[in-house]
Amino acid sequence: MSLWFDLIKENPAGGRRGRIHLPHQTVESPVFMPVGTQGTVKAVAQDVLESLEAEIILGNTYHLYLRPGHEAIRRMGGLHRFMSWPRAMLTDSGGFQVFSLSELRKVTDEGVQFRSHLDGSSHFFTPEHSIDVQIALGADICMAFDECTEYPAERARAEESLRLTMAWARRSLDHFRAHRDEVVWREAFDGRTQSLFGIVQGGMYRDLRRECAERLVEMGFDGYAIGGLSVGEPRELTQEMIAEVLPLLPRDKPRYVMGVGYPDEIERYARMGVDMMDCVLPTRAARHGLLFTSEGRVNIKNRRYAEDQSPPDPACDCMVCRRYSRAYLRHLMQAGETLSGTLNSIHNLAYYLGIMQRVRGEMEEQGPGNGD
Ligand SMILES: [Zn+2]
């Protein structure tokens, strides 16, 4: 048994209130997943994430493979134990970073040749290798190795990318099924295993997206992601692609849209029926002094906050807003203090997690449309 998904309530607009049962945590959905790139959600300690009620976080396969290395992490009991995170975790396939961060890459049907952005060393990633690394890391959910189609992309390019992604999805799944029993924590969790999600690509072409979704569903993954979005396309197009794909995905499996988005977007997609989302935005923006609040975006560097005694977000109940003023947060930013990134990140994460909590509550109150 890898995961199972309880559909608690389904709303007429498609929104789903659910529960994703993973080995390390039962996750209330729809859920926002903070991104912990290198085994840390930047500037925020694990006990703080717990008190923010984050139930699942991401790890990045590419970064952890390069440093400290997946075999080292396996020897130390897997990523959960290494970083002391007892709740659920998801690792990406490494594909996105290979394509966006590394140099001198060469893509063949077999895999991707690339050079490390850290030391220039040469590496070769295949779907099988990505799965091996993800099994060593031991997240509750692994992702199939895919090629993220850039935007804009000509149709021929999107078709070729889709062909590669389909072949790699098949190989990822076969390799995962043959090796999923090897995860280091299996015995401690009554023989439960990791799960593998397939990723729907297809650029901004509706028919390619549909074709990809249908073929992945035939393969039978534990869940389905929609990837290749938020890569520079207009937001209307992002929404259109999500709306095109969602109805094709099985009702009893989790649906994950990767790498989105702004607060209003994650709320909209949750109401459309997306169960899981992740984004670096709340933490990355925080480190640059951008706060998301109930009153809109606050650029804390702005002079107008120099003596502003009000909390960062008057409507927010997080540990930062209960204790500190805008003036203090601005001062920390101006002084280049590291606490600045920490406090800003905590508030932004609380804001994102709070949106999902509110949406879940509203979905429960809306009737009828109970799940099965
Ligand atoms: Zn706050």
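Tabulated data
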item: Residue in the stretch 289-312 that is under 26 Å from Tyr269 (Cα atoms), polar (S, T, N, Q) and within 15 Å of the ligand (Cβ to nearest atom) present; result: yes
item: Residue match in the stretch 287-303 (condition: under 19 Å from Leu49 (Cα atoms), part of a helix (DSSP H, G or I), under 17 Å from the mean Cα position of the chain (by Cα) and in contact (Cβ under 8 Å) with a residue 40 or more places away in the chain); result: no
item: Cβ pairs under 7 Å, 6+ apart, first in the stretch 304-332 and within 12 Å of Asn344 (Cβ to Cβ) and hydrophobic (A, V, I, L, M, F, W, C), second in a loop (DSSP other than H, G, I, E, B) and within 15 Å of the ligand (Cβ to nearest atom); result: Val320/Pro312; Cys321/Pro311; Cys321/Pro312; Cys321/Asp313; Leu329/Ile300; Leu329/Pro312
item: Search result, residues across the stretch 165-185 that are open to solvent by 60 Å² or more (accessible area, probe 1.4 Å) and in contact with a helix residue (DSSP H, G or I) (Cβ under 8 Å, 6 or more places away or on another chain); result: Arg170, Arg180, Glu182, Val184
item: When residues of the stretch 108-162 are limited to those that are open to solvent by 30 Å² or more (accessible area, probe 1.4 Å), among the acidic types (Asp, Glu) and touching a Leu at 6+ places or on another chain (Cβ under 8 Å), the one farthest from Asp207 (Cα to Cα); result: Asp109
item: Residues satisfying the stated conditions in the stretch 8-17, i.e. buried (at least 18 other Cβ atoms within 10 Å of the Cβ), in contact with a Lys or Arg (Cβ under 7 Å, 6 or more places away or on another chain) and part of a strand (DSSP E or B); result: Lys9, Glu10, Arg17
item: Qualifying residue in the stretch 321-336 (condition: among the aromatic types (Phe, Trp, Tyr) and within 30 Å of Ala13 (Cα to Cα)); result: no
item: Residue within the stretch 65-87 that is part of a helix (DSSP H, G or I), within 27 Å of Leu164 (Cβ to Cβ), in contact with a helix residue (DSSP H, G or I) (Cβ under 7 Å, 6 or more places away or on another chain) and open to solvent by 10 Å² or more (accessible area, probe 1.4 Å) present; result: yes
item: Which listed residue is open to solvent by less than 30 Å² (accessible area, probe 1.4 Å), more than 15 Å from the ligand (Cβ to nearest atom) and at pLDDT 95 or above, from Cys318, Cys279; result: Cys279
item: Verdict on Gln239 being within 20 Å of the chain's Cα centre (by Cα) and crowded, with 24+ Cβ neighbours inside 10 Å; result: no
item: Filter pass, Leu196 being open to solvent by less than 70 Å² (accessible area, probe 1.4 Å), at pLDDT 95 or above, hydrophobic (A, V, I, L, M, F, W, C) and part of a helix (DSSP H, G or I); result: no
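The values are calculated or read from the model by the stated rules, or taken from the named source; none is laboratory data. Please read all numbers here as calculations on a predicted model, not as lab measurements. FYI the Cβ positions are ideal-geometry reconstructions off the backbone, even for glycines, and counts take in every protein chain you see. For accessibility, only protein heavy atoms count, side chains too; no ligands or nucleic acids. Shrake-Rupley method; radii C 1.70, N 1.55, O 1.52, S 1.80 Å.
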